Amino acid sequence: MRLWRFLIMVPAFLLVSQAAWCAGLGAKQVEGFIGAMQELKPYFDQYADEAEDDGDATSTSRLMGDWARSLKDQREVEGMLKKHGFSVESWGEVSQQVTQAYMAVKLGKDGEDVLGQMQQSLDEISSSKDIPAEYKAQMVEQMKQSMAEMEKTLATSPENQEVVRPFLPQLDTIFEWQE
């Protein structure tokens, strides 16, 4: 459940920062992100528990957006970010880039190939004789929408992906990734 909380971070960070693609990532920024997240993770977990997050993508997305916006009002969090080389604004930019690059590596063609799996499921739905036509059309449309969202999620520069690769073990821990 917590994995989904962090996988939904991308839209939340987009809410915080509109200029996320201004510059590429550097190793120092990824290291700072890891350090900051190690300190911030308990804040998010507590926030999610208090909000009674049920773990589904819709509620977690809403929850992440609320949490990201609330960080602006927390002086303690601002101090943590500063310690790791970030302002609230730069944190939003770098967090979004690191998260998206991480997801592209883990879920992209060189990882779990989620889009390939989704395409395979779409093909199976389309060719199934057991699904009534009206349900099949709905399922195909939903799958296509999900694939379009995943494509957006995985769209990041190859350079940013290469920057995060050496940090995958630490990022796996941050994002509670389990193989």
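Laboratory data are not the source of any read-out in this text; all were calculated from the coordinates shown. The structure displayed is predicted, hence computed values, not measured ones. FYI the Cβ positions are ideal-geometry reconstructions off the backbone, even for glycines, and counts take in every protein chain you see.
The modelled label-to-label distance for the pair Ser90/Glu76, using points 7 Å beyond Cα in the direction of Cβ, is 2.4 nm. Summing +1 for each Lys or Arg and -1 for each Asp or Glu among the other residues whose beta-carbon sits under 15 angstrom from that of Thr156 gives -2.
Just list whichever of Lys82/Lys152; Lys106/Lys129; Lys109/Lys144; Lys109/Lys136; Lys83/Lys152 have alpha carbons separated by over 22 Å in the model shown. Long pairs (Cα-Cα over 22 Å): Lys82/Lys152; Lys106/Lys129; Lys109/Lys136; Lys83/Lys152. Tell me the label-point distance for the pair Glu151, Asp45, using the 7 Å Cα-to-Cβ offset, in nm and rounded to one decimal. Using points 7 Å along Cα→Cβ, the separation is 3.7 nm.
Note that the stretch 90-100 has calculated 3J(HN,Hα) couplings of 5, 4, x, 5, 5, 4, 5, 5, 5, 4, 5 Hz, one per residue in order, obtained from phi through the Karplus relation 6.51 cos²θ - 1.76 cosθ + 1.60 (θ = phi - 60°); glycine and proline are x.
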